[in-house]
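Quick notes on the structure that follows.
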Amino acid sequence: MKDTHHADVAVNARSYPWPKVPAIAICLDGCEPAYLEEAIKAGLMPTLKRMREIGTDRLAHSVIPSFTNPNNLSIATGRPPSVHGICGNYLFDPETGEEVMMNDVRFLRAQTIFSAFYDAGARVAIVTAKDKLRALLGAGLKFDADRAKCYSAEKSATSTAAEHGQDNASAWLGMAQPEVYSADLSEFVFAAGVKLLRDWKPDVMYLTTTDYVQHKYAPEQPEAQSFYKMFDTYLTELDALGAAIVVTADHGMKAKHTADGEPAVVYVQDLLDQWLGEAKARVILPITDPYVVHHGALGSFATAYLPEGANKVDIIAKLLAVEGITVVVDKAEAIRRFELPGDRIGDIVMISGTHMTIGTSAHRHDLAALNEPLRSHGGLTEQEVPFIVNRVLDLPNEPVLRNFDAFFFATTAAAL
């Protein structure tokens, strides 16, 4: 099946070895390292425990903002947002004056590793939990030669061979299309990965989940531990089938609530309205996506567009004096420090601390659906993520090791 004489695959100024066995990267959405520690301590993840002991166990850094879309596309391209252009789930387009979702392929500025391997003749499989990522991850793939599959658990019952490489993935797998706000959405991804590896034998495969569970439950809670026990059963099957596997995450997750369980929020649009005049500035929350039930569009990273003539130095100083705001930088520093595309961020970038989030205006956030105390992400305190390989490799630790090194090391391990 495998052509071991294939040349390395070059994409985005990196060279990826051709895998002799399937190379798999698994992105556990919202997987704060403590989730794995607690589940292993409880005896619920024997396979992952063994992988850490006989393979490679490290911590890596995600990209900032530590949100889903930027990090999934960094993993998919092997590069930071300054290269691939996806710097949030959501952005403000100054040219049109519109706030839009950043899930359209037109926003992607770099080729994916998947399409590069596909162009080189590989079989490529991508299964994502939410459909918002599917088009971006599948950019450049063609579905007419049985060499590419890319579909979501969320829309699995309506997938087609022409658009996704698989007619009715739900029927193919024998699992009902899951409810989007459920752990079942991620379980579908894992189950599909096992079946694809066993029956279809991809050269390169990416499995990426949803952080629904992590937004609702802390690492020590039974619901979270049940999730990781479930994952470990599928990981056992993937490992037994001989693939080289990297397990990482797009971001961590922290409690973001007060002692009485209320969301901990700094409403920055309200502050800027007081300081500069109503609606003179514009705060954008890149965490915003179609699935805000579990986070209320509250995360720890925001950007703001200031009116012409505003005293930027003064605004930065005032924001830094606000309790819970830990980093405020101008655009030039944000580009340098966080490797962001300058045309897709505002005049300033703000990051809040471990247990604080940033909102726009209080009246604009519907928090009625938050049935549990808020847990969220986006900042520097959610940047540390697991990086585990089921092979022995000589890897650095964070901050040098990045989650977007996943496919480089998956293909390296698969080429050994």
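Under a straight-distance cross-link criterion of Cα-Cα below 30 Å, which lysines are reachable from Lys256, leaving out those fewer than 8 residues away in the same chain?
Candidates past the 8-residue exclusion: Lys41, Lys49, Lys130, Lys132, Lys216, Lys229, Lys280, Lys312, Lys318, Lys331.
Ignoring ligands, DNA and RNA, please state the percent of accessible area on the chain from carbon and sulfur, probe 1.4 Å.
C and S atoms contribute 50 percent here.
Per residue, how much accessible area does the chain have with a 1.4 Å probe, in Å²?
Ligands and nucleic acids excluded, the figure is 36 Å² per residue.
How large is the Kirkwood hydrodynamic radius of the range 124-180, counting all unique pairs of alpha carbons, in Å?
About 11.0 Å for the range 124-180.
Apply the Karplus parameterisation 6.51 cos²θ - 1.76 cosθ + 1.60, with θ equal to phi minus 60°, to every residue of the range 23-34 and state each ³J(HN,Hα) to the nearest whole Hz, in sequence, with x for glycine and proline.
9, 10, 10, 10, 9, 8, 4, x, 7, 3, x, 4
Under 8 Å for C-alpha pairs, at least 6 residues apart: give me the relative contact order for the range 122-180, rounded to a whole percent.
Reported as a whole number, the value is 30 percent.
Taking 8 Å as the Cα distance limit and 6 or more residues as the minimum spacing, I'd like the relative contact order of the chain as a percentage.
29
Using a 1.4 angstrom probe on the protein heavy atoms only, could you order Trp200, Trp172 from most to least accessible area?
Trp172, Trp200
More than 23 Å apart: what percent of Cα pairs in the range 253-336 qualify?
27
In angstroms, what radius of gyration and Dmax does the range 269-416 have, counting Cα atoms only?
Over the range 269-416's Cα set, Rg and Dmax evaluate to 18.4, 61 Å.
Just to check, using Stokes-Einstein with a Kirkwood Rh over alpha carbon pairs, what's the diffusion coefficient of the chain at 10 °C and 1.306 mPa s in µm²/s?
Answer, rounded: 74 µm²/s.
Indicate, rounded to the nearest 5 percent, the antiparallel portion of the DSSP beta bridges found entirely in the chain.
55
Which one of Val213, Val313, Val329 has the biggest mean-square fluctuation once the chain is modelled by GNM with Cα springs under 10 Å?
Evaluated over the chain, the most mobile residue of the options is Val313.
The values are calculated or read from the model by the stated rules, or taken from the named source; none is laboratory data. Just so it is clear, the structure is predicted and the values come from calculations on it, not from any experiment. We work out accessible area using only protein heavy atoms, side chains counted, and drop any ligands, DNA or RNA first. Shrake-Rupley method; radii C 1.70, N 1.55, O 1.52, S 1.80 Å.
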